[in-house]
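Here is the structure we will look at.
The values are calculated or read from the model by the stated rules, or taken from the named source; none is laboratory data. As the structure is a prediction and not an experimental result, all values here were calculated from the model. Cβ: placed from backbone, ideal geometry, glycine included. Neighbour counts: every protein chain shown. These area figures cover heavy atoms from the full protein model, side chains too; ligands, DNA and RNA do not enter into them. Shrake-Rupley method; radii C 1.70, N 1.55, O 1.52, S 1.80 Å.
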Amino acid sequence: MYGSTDDSEPAAFRKAEKKYKLYYDNTRKKKQQPRPVDLSEVIDFKSISESYHRNGGLPSGIFRIQCDFDSPVFCLASHPGFYFIPGALPVEEQCRWIKESLTSFPQPPNRTNHNAIYGTLQDLFAAAKDNKVLIHEEQFRGTNNSEVEIIQNDTNVPSWNFLDQSDALSRGVTCRSVPASVLLRKLRWSTLGLQFDWSKRSYNISLPHNKIPDALCLLAERMAAPTLPLGEAFHAEAAIVNYFGLGDTLGGHVDDMEKDWNKPIVSMSLGCKGIFLIGGRSREIPPLAMFVRSGDVILMAGQARECFHGVPRIFTDREHAEISSLELKFSDEEHSAFLEYIRTSRININIRQVF
């Protein structure tokens with residue numbers, strides 16, 4: 001979470017986070033039951049869109065802008081610069097970016113939260129699929145006089161490598177190991193394009209990076225159009241991909257590191273349904289809560305860029321996750337690993353114009 005608040009007197013944003021966060025009534029793991037949560041105040045743009053198509057009516061404080069999209073683009077009167085596009089991405093496109101988010105986006109030179117401990121990890125998703133383990137090893141060989149000589153220019157330099165479990169057990173090495181499946185579940189973010197330095201909260205243009213894939217750039221440019229004057233373009237230069245599992249949250253924060261706040265953040269939701277909060281310029285302002293489903297797109301530009309926002313909850317149970325269309329697309333054997341992951345996960349791709 002960015003920043004902190006005094007839990008003895010929590011600010012309005014923190015109260016909302018606590019309200020929707022996943023808690024359990026029973027502390028014994030085998031009998032844990034999610035504590036019921038009141039969702040009556042959560043805005044449901046899917047239902048609003050369905051009602052709008054039936055009778056043309058909209059709730060107070062919500063309006064629609066005219067745009068050349070298949071899905072309606074809704075705005076909040078209380079939050080200028082905020083746009084919500086329910087079902088903006090067809091299921092085929094959702095599947096494409098889920099697969100890219102797991103296989104391509106965490107690949108070096110893109111950085112992930114694992115870099116600080118393990119350095120660059122190649123093919124994490126494939127390693128998890130193949131039940132490999134990450135080995136931290138110091139390789140040794142015996143010398144002629146039976147002493148131990150460390151390879152790698154006589155310096156004790158550990159390395160991390162993915163190995164089959166049988167190979168790891170059979171190696172005569174001193175090592176620590178972590179299952180690749182555990183590392184995949186602990187993947188929290190990856191960065192595309194210009195790399196973000198989390199320690200300094202700024203972009204570091206000197207870090208090696210690949211350009212954001214053209215297809216994702218074009219998609220972001222098309223999605224950003226409702227926020228921009230006619231003829232003005234959005235240039236995707238950086239993206240942060242967030243990965244959520246059961247119980248994971250994204251604390252209230254403001255994305256303020258880009259030069260031009262009139263250019264939007266394009267935020268694409270994939271996987272399990274979640275709750276998104278958007279408040280005001282301080283945590284003291286009570287936020288609005290809304291459901292975000294797979295395929296929804298949120299745009300934040302102008303004044304909305306100054307608002308605290310976050311994700312206090314995702315739903316992974318079959319009743320509330322609402323991923324049946326993804327399950328159908330990933331039902332064949334070839335995509336079983338993607339299905340297993342997305343059944344209990346949410347992915348969010350946030351695309352920005354930096355300069």
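Go through segment 228-244 residue by residue and tally those that are outside any loop (DSSP other than H, G, I, E, B) and surrounded by fewer than 24 Cβ atoms within 10 Å (Cβ to Cβ). Reasoning before the result, please.
The first filter runs over segment 228-244 and keeps only residues outside any loop (DSSP other than H, G, I, E, B), leaving 238-244.
From the residues that got through so far, the ones that are surrounded by fewer than 24 Cβ atoms within 10 Å (Cβ to Cβ) too are 238, 240, 242, 244.
Summing the residues that are outside any loop (DSSP other than H, G, I, E, B) and surrounded by fewer than 24 Cβ atoms within 10 Å (Cβ to Cβ) in segment 228-244 gives 4.
Is there a residue in segment 20-30 that is open to solvent by 80 Å² or more (accessible area, probe 1.4 Å) and at pLDDT 95 or above?
no
Taking residue 252 as meeting all but one of (1) under 20 Å from residue 19 (Cβ atoms); (2) more than 14 Å from the chain's Cα centre (by Cα); (3) in a loop (DSSP other than H, G, I, E, B), write down the number of the exception.
Status for residue 252: all satisfied but (3).
Which one of these does residue 321 not meet: (1) within 17 Å of residue 43 (Cα to Cα); (2) surrounded by fewer than 20 Cβ atoms within 10 Å (Cβ to Cβ)?
(2)
Condition first: surrounded by fewer than 22 Cβ atoms within 10 Å (Cβ to Cβ) and within 26 Å of residue 93 (Cα to Cα). Now tell me which residues in segment 296-309 satisfy that.
None - no residue of segment 296-309 is surrounded by fewer than 22 Cβ atoms within 10 Å (Cβ to Cβ) and within 26 Å of residue 93 (Cα to Cα), so the list stays empty.
Tell me, please, whether a residue that is among the small types (Gly, Ala, Ser) and in contact (Cβ under 8 Å) with a residue 60 or more places away in the chain can be found in segment 46-67. Can you show your working first?
The first filter runs over segment 46-67 and keeps only residues among the small types (Gly, Ala, Ser), leaving 47, 49, 51, 56-57, 60-61.
Then drop every residue that is not in contact (Cβ under 8 Å) with a residue 60 or more places away in the chain, which leaves none.
No - not one qualifying residue is present in segment 46-67.
Which pairs do you get when a residue that is within 17 Å of residue 118 (Cβ to Cβ), found in segment 167-182, comes within reach of a residue that is at pLDDT below 70 and assigned to a helix (DSSP H, G or I), reach meaning Cβ atoms under 7 angstrom, with the pair 6+ apart or on two chains?
Cβ pairs passing all conditions: 177/168.
So which residues in segment 42-63 are more than 17 Å from residue 297 (Cβ to Cβ) and part of a loop (DSSP other than H, G, I, E, B)?
Selection gives 42, 56, 57, 58, 59, 60, 61.
What number of residues in segment 280-294 are in a loop (DSSP other than H, G, I, E, B), within 20 Å of the chain's Cα centre (by Cα) and not hydroxyl-bearing (Ser, Thr, Tyr)?
1
What residue, of 279, 274, 251, 247, is in the same structural domain as residue 77 (by the TED database), of a type in the set (Gly, Ala, Ser), under 22 Å from residue 315 (Cβ atoms) and open to solvent by 20 Å² or more (accessible area, probe 1.4 Å)?
Result of the check over 279, 274, 251, 247: 247.
Modelled with pLDDT under 95, surrounded by 10 or more Cβ atoms within 10 Å (Cβ to Cβ) and not in a helix (DSSP H, G or I): does that describe residue 39?
The answer is no for residue 39.
Kindly indicate whether residue 301 is touching a residue at least 60 places away in the same chain (Cβ under 8 Å) and either in contact with a Pro (Cβ under 7 Å, 6 or more places away or on another chain) or of a type in the set (S, T, N, Q) (or both).
Considered against the rule, which asks whether it is touching a residue at least 60 places away in the same chain (Cβ under 8 Å) and either in contact with a Pro (Cβ under 7 Å, 6 or more places away or on another chain) or of a type in the set (S, T, N, Q) (or both), residue 301 comes out as yes.
How many residues are touching a helix residue (DSSP H, G or I) at 6+ places or on another chain (Cβ under 8 Å) and among the polar types (S, T, N, Q) if we restrict to segment 283-328?
So the answer is 2.
Tally up the residues in segment 227-246 that are more than 15 Å from residue 352 (Cα to Cα) and at pLDDT 95 or above, please.
The number of residues fulfilling the criteria is 3.
Does residue 279 meet the test of being closer than 22 Å to residue 187 by Cβ, touching a helix residue (DSSP H, G or I) at 6+ places or on another chain (Cβ under 7 Å) and small (Gly, Ala, Ser)?
no
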